[in-house]
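Accompanying notes for the structure given below.
What follows draws every value from the coordinates through simple rules; no lab data is involved. Computed from a predicted structure; not experimentally measured. So basically every Cβ, Gly included, is an ideal-geometry build from the backbone, and we count neighbours across all protein chains shown.
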Amino acid sequence: MSLYKTYIFPIHPDDQEQARQISRCAGRIYSKTVSTVHKLHERKDIWLSESAMKKLIRLYAEDFLTHAQSEQAAVEQYYKALDSFFVKRKSDDTARPPYRTFKYQNVVYKESAITRMDDKVRFSNGRKGTPLYIKVEYFDGEIKYAEMIYNTYKESYQMHVVVDIESNIQVEDSDKVMSVDLGQIHPIVTFDGDNTRIYNGGKLNSFARFQNKELSRLQNKMSRCTKYSRRWRKLNRAKKKLLRKTADKIKDVLRKYTSTLIGYCVDENIGTIVIGDIKGIRENIDYGKKTNQSLHQWIFRRLTDMIEYKAEFVGVNVEYIDESYTSQTCPACGNRYKPSGRNYRCKECGFEYHRDGVGAVNIYKKYTVGSLERKSDWLEGVLASPVGVRYTPHLRCSADWNASPFRTGHSKVASAEKAAV
Ligand SMILES: [Zn+2]
């Protein structure tokens, strides 16, 4: 399956002025095209061909700080409108060729002007212009083109990036369900009716601990100097860098974990993922400003975004279900009590299980059975012990899934970059 998706990215405030200038260039080219075509039509009764116009523009825009392809695209924008006029004219005598000029115009970046880098995308503005960079979080795949468009509501330029996502993997119509329990100790625990998988949180928690330690050290120093002083600014920069670096490390773990999770769904033909909705997960949190608690919320949010996005790609549904009491209720008999120690042991019915798996089992039960209290006979047998998933820098999942552009797209572009240098 191939999927064209458009992602909208903000352009950094520092780059807005440059964006405006580039958009102005596109506007000048578009307007020049309009006036040239009209003049020639009025005086000589000919319609200048697109290729001739493109040659003219090459000279006209020689000193523009824009990419040649973007300049040509501005001409194409006009000829597209002109073509629809030619079509319309056949049935409508009153049709007029496009005549409006624009001070500013959308700027098209073609494939050749776009380079995917590690955590950013580079948009070339030709040999003379400075390239624009967009920070991206977690999409891969082939970027087909992009368009820089002014958002009047936000009063700023944004980059609309069109990505072609190839997927030959689709989960066939399947009733199989897998629950996802998000937590602080283990970021993800899943249960699919047979197997429980616990994604190890050691790495994530050590990143978080390190960050908190460094952060309080920096903030302590900052509190002792005058706000906005040189030293304060320097510390503030260090603080921002620390937050950015931790975020990158955490995102790397999350990317690999969610790819592994989706790979499992593909292998096991799971049609629906049910996520236990922790209160506040769906709120957008500006991470870094708050405490440890919100760092975890930030992680949950990233996790659910990544799961949703990757699941859609392979045709897996994602649903949310209220997770209240799922960690305290006995999956077998519905008795509620707070477990202590590593194992969950129900005093009513004797059900025993690894404590960390109970939440996922209950989310699964709540979704498939409809209620936590109702007895479920499928739980009367002995559940398989949880399996651990541990982060390694080269964590692999399904071989098929690894062939998807989620992973390869990334490294391909990165190595092409290096080769060009
Ligand atoms: Zn019980």
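Between E348 and V382, the C-beta separation translates, for a Förster distance of 25 Å, into a calculated FRET efficiency of about 0.90.
Over the Cα atoms of the chain, what is the Rg over Rh ratio if Rh follows Kirkwood? If you can, show how the numbers build up before the last one.
Working: Rg = 27.6 Å, Rh = 25.3 Å.
The Rg/Rh ratio comes out at 1.09.
Within region 223-254, list the residues whose amide N lies under 14 Å from a label point set 7 Å along Cα→Cβ of F210. Residues passing the 14 Å test: 242-253.
Below 8 Å, C-alpha to C-alpha, sequence gap of six or more: please give me the relative contact order for the chain in percent. Walk me through the numbers on the way to the answer.
On the way: 688 pairs, mean separation 74.2, N = 421.
Value for the chain: 18 percent.
For the Cα atoms of the chain, what angle does the longest principal axis make with the long axis of helix 16-44, in degrees from 0 to 90, nearest 10? Here the helix axis deviates by roughly 40 degrees.
One Cα centroid belongs to region 229-276, the other to region 148-209; the line between them spans 10 Å. Legend: P(r) of region 9-142 from all alpha carbon pair distances, 10 Å bins from 0, whole percents, reading 12, 38, 28, 16, 6, 0.
In which sequence would M148, M117 go, from the one with the fewest C-beta neighbours within 10 Å to the one with the most?
Numbers: M148 23, M117 14.
Going from least to most buried by this count: M117, M148.
Taking the convex hull of the alpha carbon positions in region 177-403 and averaging its projected area over all directions gives 13.9 nm².
For I188, nonlocal amide neighbours, meaning residues 5 or more places apart or on other chains whose placed amide H falls under 5 Å from its own, are G183, Y199.
Note on K80 and R43: their simple-model spin labels are 3.0 nm apart, each label 7 Å out from Cα toward Cβ. The GNM of the chain, with springs linking C-alpha atoms under 10 angstrom apart, assigns the highest mean-square fluctuation among A247, A26, A384 to A384. Within the same chain, aspartates and glutamates fewer than 8 places from K245 are excluded, and of the rest, those with a Cα less than 17 Å from its Cα are D118, D119, E137, E214, D286. With neighbours defined as other Cβ atoms within 10 Å of a residue's Cβ, the residues C346, C330, C25 order from fewest to most as C346, C25, C330.
The lysines whose alpha-carbon is closer than 28 Å to the alpha-carbon of K375, local same-chain residues fewer than 8 away aside, are K176, K279, K338, K347, K365, K366.
A Förster radius of 22 Å, combined with the Cβ-Cβ distance separating R20 from R230, puts the computed FRET efficiency at roughly 0.10.
Other residues with beta-carbon under 13 Å from the beta-carbon of N200 carry, at +1 per Lys or Arg and -1 per Asp or Glu, a net charge of +3. For region 9-142, lysine pairs separated by 8 or more sequence positions, or belonging to different chains, with Cα-Cα distances below 20 Å total 26. As I understand it, the value is the acute angle between the Cα axis of helix 50-60 and the longest principal axis of the Cα atoms of the chain; what does it come to in degrees, rounded to 10? Helix 50-60 sits roughly 90 degrees off the main axis of the chain.
Count the net charge of all other residues whose Cβ sits under 15 Å from the Cβ of N151, scoring Lys and Arg as +1 and Asp and Glu as -1.
In short, -1.
To the nearest ten degrees, helix 202-223 and the longest principal axis of the Cα atoms of the chain are 70 degrees apart. The aspartates and glutamates within cross-link reach of K310, meaning a Cα-to-Cα straight distance under 13 Å and a gap of 8 or more places when in the same chain, are D140, E166.
Ranking of I307, I169 by neighbouring Cβ atoms within 10 Å, starting from the fewest: I169, I307.
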